[in-house]
Every structure is written in structure tokens, then in C-alpha cells.
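The values are calculated or read from the model by the stated rules, or taken from the named source; none is laboratory data. The structure presented is a predicted model; accordingly, all values stated were derived computationally and were not measured. Heads up, the Cβs are rebuilt from the backbone with ideal geometry, glycines too, and the neighbour counts pull from every protein chain shown.
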Amino acid sequence: MSRPSTSLSWWVLACALLVAAIWPLAGAGPVGEDFRALAEAARLADGGLGTRALFAMESTDGRPLAAFSLVVSHSLWCPDGFWTTGAVAAVRLENLLLAIVTALCLGRFLARVLYPWAGEDQARAAARAAAVLFAVHPLTLPAVAAVAARGELLGAAFGAAAALAFLRGRQERRAAPIAAAAALTAAAVASAESSWLIPAALALAEYVSAHRHRPGAQRLRTAGTTALAYTAGVAVVGVVLDGFGGEWRPLGIERSLALFASPVGALRALAASFEKLGLSILPTNAAGLGAFGFVLAGALLLTAMQPALRAARSAPRLWVSALIVWVAAILVVVFTRADLRVVPGDLSAAPSLLPATIVMAAGLATASTALSGRRRHVIPAVVALGLCVLARSDAICLRAAGAVADDLARPLRAAAGTPHLLVVDAPRTAGGRAPLPAEVAWVVDPSFGGPAEHGLVRALEAATLPVLAADPLFDRLRAEGLALLLPRDLAPEGAQLEEVGGGWLLARPSASDDAGGARLWREEGRSPDLELASPSIRGLRATARPGARADEPPLVRWDAGSDPVRRAAAQGVWLRGADGPLAAFDLDRRSSWLLAGRVRRVWFEGELSSLVQARLAEWAPQIAGVDEPVEVDGAWTFQPDWVAVERGLHEATTFALVFFDPHGLRHRELACPRNGELLVAAGAASALECEGGVVWFLEQRVGGVVVARSRGERGR
């Protein structure tokens, strides 16, 4: 096959594979941190292009060129000021063009690297293969799809162009390309943190291929000079960025290095790095093809390496050296972001692997084109086809994640006018990535069609809701206006819920605490008319008649609402009472009670159908004798009055220390076993780090039911 027809065939194949890989993204909405990046770009565009504003865009890490490019995209594709599905698709198309530029520059750079060693034929073949393999690589697609990865793609494009210009200038002994490389490196610094790797790449190119036939010592000296000169240039550009308030330091690299300061941190960094190394070698989204994806990725790796292994028989020194350089380069780029975890089950941070993807594509292209003849073209084409299958699978997963985000976005925006909106159990992963941003409020930004003014929108785990309900903060939120958005599978029986679409339900806990009727009644197991706000009541105690059998757990039922009547139930536990069995119920841990609205009537069954008395309580009883904890060697200790502490009739008593972050709405629970006269919670001093302080609860539980609770606060 002639050279022109070979090139044409390759580019036709490249276009076909690229379209096949990315086509499932057509019509997909924003995913994860895309919401934040798009919203910040819209705010910058609407507020005017102040210079310092470009340096303050957090989603682009203070890199002005990345911010500027997104602002320009907003101006081009959002004439009405709102991000639409079409506008998001246009931004992704821009990302794709940047990836193509990177691929073309990478291919031409690799050709110049290989030409002094392998000759023109393999250099050209490897160049074409590298461009195609990078463009359709399964780890390139997440960066193309992620609007928030605009900086990484800009940095990769500028970096690849800088490497090409530098090596061309050095090989042809021309100053202009070298100057262009310096300018492109500066642009990369203003776009992405990974630009700090460019000086090392240029130094390696200088040593390997700038002037191959020079003595090794001379090549090493010029490589060192290159590294120092370009590193100094990067630092100078960084100082300029810092002067405008931007970020220039490689914070990810600094965090990664800081992990190695302690043995535990070093192990964590090594684990994260080897996870990313494994994903770079076997680039598979576990949510897509599953086990078959790993098998396919492994087969593609072996297919690509087979020509190099055969070529190594005739030139072992050359190919072993190439393998060492390739492996070392991959290790360097993955270890520089040891602070990030990227695993096959969660590709949210996969764009950070773009430098590793460049190195992998170059290595696979070099290895797969090592043999002459038709194999030089067929083998990389087969590898490209397999990578396209993996990439397309991930694109389908990403589209699914976008659908999950869209299903939640619509009800979120509809309810965002509530002063406090809590999303209960927002989906953490979908399609192998986080469908929502870390701060859910970005989803209801006005640039996506949300209300111009909205309340505070936060995410909350379902397990944290009872902890929040036990705190006075819950009453304040209800008084100011509170709504909970719950997935349908968490809808409790008898709750007052509103259909809002997308598989989500809206609950508005009653804001009024004006309870009608008595909270204490005697003799009958059925209460009088109550008409009370269920969230204002957190506990219920009922004293059984003397001689009552307490073999079965006590059960309470209630009516809420009138049209239709909603009924629900809760199971309690028996305690040893002074005058007989005492039934205790922790209603604040039952979402069916918290979301019941206004409760009309409460009644008991079984042994409590007739009783001594029953009382609804606003708060759970305090644990006798418990005051502020005493900290000893990082543990918290409490000393209850054991004589006054209530005991279960059948079940054992346990204690737990629960920390609650009232700002981030997080919680963590620690066991608090008894040690002599003390309760000891090991590691409590560092259990939950949060800004502003932490709330703690010491809970006494009998059979899993909270029968007493003490509360306190501790500053951090």
C-alpha cells in the first residue's frame, strides 16, 4: 500500500472510531463538577471580564486561560444566558477539538523522537498510531466529556505543541521554534497544573532524540540545562499569575509529596498511585463492560506489546531501554497526583490521568508498530478498535450519569425556593462517576434555569437525618422553611409526600409546634385527639399496668392527615420501670414519624392497650450523670450515674458517641464501651474534623432503640 493511501486509510479509520466512541454523549447533560464549572463561567460572563475574576474561578483552579475559554464558550453558545443541552454539547465539541490538537501534536512529536532510532517508516507509522490511540483512548473521553477538565485539555494541547516545537527547534537548530515552545509552555502553565511536567518531558526529548550521536555526557548536560531553563520559566510565569491572585503552585503535587511525610500517608499514596497505574494499563469503566472490559483491555495490551517483544530479540538493548523510559514516565505522572483516587468503579477524577494517557498512547503506538510490513498498520488498527469499544462503553455510562443528574435537577429547581432544601441520599455514583457536584446547590444555579433567588441547598445522607432530627438545628430549619427531597425507595409508610418527578418525592416537615390536645394521658391505650406537629415530638414513654406480660416488643401506631388518612407504626423496647415494665420509643429516628405532618391520634396494641400512663416528649431523656467529656490520650471518657441509668428488661444496654457537623450535615458514630465506671470512646478527639465546631451526642441504646441521650458542643 502506498504512503498516501495508507495515511488516508488511517485518518478515515480515526474519524470513524472517534465518532463511534463519542456519539453516545450527544444530548447528554452536565455531570458532576460540570455544573460548577458552567455556572462559574456564566457568572463571569454576565458580570464582565474583570481580569482578577478570571484568576478567581475555583473550578479551573485559578488558571486564567481555562477560565477565559469557558467564558468565551458561554458567550458563543448561550445567547440567552442559560446553559442548554445543545450548549453543553458544543462545549464538549470544543474539548474534542482540543483533544484532536493534542493527538496530532503528540503524533508528530513521537515521530521526531523515534526517527533517529527507528527510521522514517516506523516513525511515521507510530505517529499516526499515537494520534489515533490517544484520540479514542477510554481515558481521553472522560476529559472530553468533562467541562471542568477544560484546563487539563488546554494544558495538554499547549504542552504537546510545546514539545513538538522544542524538539523541532533543537533538531533543526532553529531558535524560533524553541521560543515558541517557551511561549506555549507559559500558556500551559496558565491552563493546568500538569504543565509542571513539561520541563521534564522536554529534557527527556533533548537527551533521547535532539542530537542522538552526541556523547552521553554532553546530552545529559544539555538535558539538565533544558530542565532548569524551562522550570525557571514556569516559575516566572507562576509569579506573574500569583501577582494577579491566581494559582500557580502545583498544589496536587505538593499534597502528593506531603503524604510521604508519614508512613500511613505514604502507604495511602502508594495505594492510590498503583490504582491509577492499573487503570492506565487497563482503562476500563467497571460500570460498563464489567469483567469483559478488563479482559478486553488486557488482550489489547498484549496485542500492542507483542511486536515490541519480537523486535527486542534483534535489538534487546534498544527496546529494553525504551521500556524502562516508558514505565518510568508512567510512574512519574501517576505519582505526581497520589492525592487523588481514580478506580474503575469511580472515574470522577479520570481527567487527572490525561498526562498518563498521553504516555500510554505514545508507548502503545511505539510498541505496536515495531514490526515491518502490514503488521505495522494492522496491529495498531486492531488496538484502536478495541480502545474505541472501551471508550464507547464509558460514553454510554456517562450518558446514564447525565440522565440521573437531570432526573434530580428538575425537582431540585422546582423546590429551590424553599429557604432550606435537603437532598436525602443524593446518588453518589452513576455510570462509574459522581453525577452531582460536591455542592449540590450548583445544580439549581440560575444559569441552568433555576430560580434567580433560591434557598440553601445541601445534600444529606439518609443515616444522618435522625441525627439532624435530634438536634435543635432541625427545629430552626423547620421554622425558617424546610423541605426534604427523597428518592422513592426511601419513602416511609404514612409520610406526607409530594410527587415531583424523576423518581423523587418532596416532604415538608411541619413548621408549627403548636400542639393541640394532651401530651400525657392515662389508663387507655388510645390517646385523645392530638393535632400535633410530629417533628416536635422525639420520644414516647408508656408505663404498662402491673403484671403485664412484656414478652413481645411494644408497638405504637398513629394516624396523620385526614384525606387520605395516613397510618404508620413503630416498634419500641421494654425497660425496667419502678412500677412495672416501661415501653420506650425513639420517634425521632423514624422517618415515617418525622414526615407524618400533623398527627391526630396515637394508640398502642397488645399489653399497652390499657396502661398506667403515656407521655409524648419533646426530647429524649438525659443520661443520668453525664456532663462534658474528659479527653485522655485522644479518647473521650464519660462517667454516668450507673445507679440511675435505665436498664432494658430483656436486651442489653449499649452506648454510642455520635458526632454531628451542623454545617456540612455529616455524622460519624463511635462505639463507647464501658470500662469500669467509665464509658470510653477511643479516637474521639479526631473522629470528625469540621469548621466551626462539632455537636456530640452520647446515646444509650437498648435493643437498638435510643432510650436516653446527652448532647454537647465542642469547638475545633
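Which of the residues spanning the stretch 37-74 are among the polar types (S, T, N, Q) and either under 19 Å from residue 146 (Cα atoms) or at pLDDT 90 or above (or both)? Let's see the steps before the verdict.
Filtering the stretch 37-74 for residues among the polar types (S, T, N, Q) gives 51, 59-60, 69, 73.
Selection gives 59, 60, 69, 73.
When the criteria are applied in full, residue 628 meets the requirement of being within 38 Å of the chain's Cα centre (by Cα), outside any strand (DSSP E or B) and of a type outside the set (Phe, Trp, Tyr).
Conditions tested, residue by residue: (1) touching a strand residue (DSSP E or B) at 6+ places or on another chain (Cβ under 9 Å); (2) outside the structural domain of residue 341 (by TED's automatic domain parsing); (3) within 30 Å of residue 75 (Cβ to Cβ); (4) not small (Gly, Ala, Ser).
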position	(1), (2), (3), (4)
414	yes, yes, yes, no
427	yes, yes, no, yes
432	yes, yes, no, no
435	no, yes, yes, yes
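Meeting the requirement of 1 or more residues that are among the charged types (D, E, K, R) and buried (at least 23 other Cβ atoms within 10 Å of the Cβ), the helices (runs of 4 or more DSSP H) wholly within the stretch 8-106 are 34-46. Applying a threshold of 9 Å to beta carbon distances and a minimum spacing of six or more residues, or different chains, the list of pairs starting in the stretch 75-96 at a residue that is at pLDDT 95 or above and of a type in the set (S, T, N, Q) and ending at one that is outside any helix (DSSP H, G or I) and surrounded by 14 or more Cβ atoms within 10 Å (Cβ to Cβ) reads 95/146. Considering 386, 432, the condition of being in contact with an Asp or Glu (Cβ under 9 Å, 6 or more places away or on another chain) and not basic (Lys, Arg) is satisfied by 432 alone.
Within the stretch 613-621, does at least one residue satisfy the condition of being touching a Pro at 6+ places or on another chain (Cβ under 6 Å), within 24 Å of residue 520 (Cα to Cα) and crowded, with 16+ Cβ neighbours inside 10 Å? Looking through the stretch 613-621, none of the residues is touching a Pro at 6+ places or on another chain (Cβ under 6 Å), within 24 Å of residue 520 (Cα to Cα) and crowded, with 16+ Cβ neighbours inside 10 Å. For the stretch 635-643, indicate whether the set of residues that are exposed (fewer than 14 other Cβ atoms within 10 Å of the Cβ), among the hydrophobic types (A, V, I, L, M, F, W, C), assigned to a loop (DSSP other than H, G, I, E, B) and without any contact (Cβ under 8 Å) to a residue 60 or more places away in the chain is non-empty. Looking through the stretch 635-643, at least one residue is exposed (fewer than 14 other Cβ atoms within 10 Å of the Cβ), among the hydrophobic types (A, V, I, L, M, F, W, C), assigned to a loop (DSSP other than H, G, I, E, B) and without any contact (Cβ under 8 Å) to a residue 60 or more places away in the chain. Test residue 157 against the stated conditions and say whether it is of a type outside the set (S, T, N, Q), within 33 Å of the chain's Cα centre (by Cα) and surrounded by fewer than 21 Cβ atoms within 10 Å (Cβ to Cβ). No.
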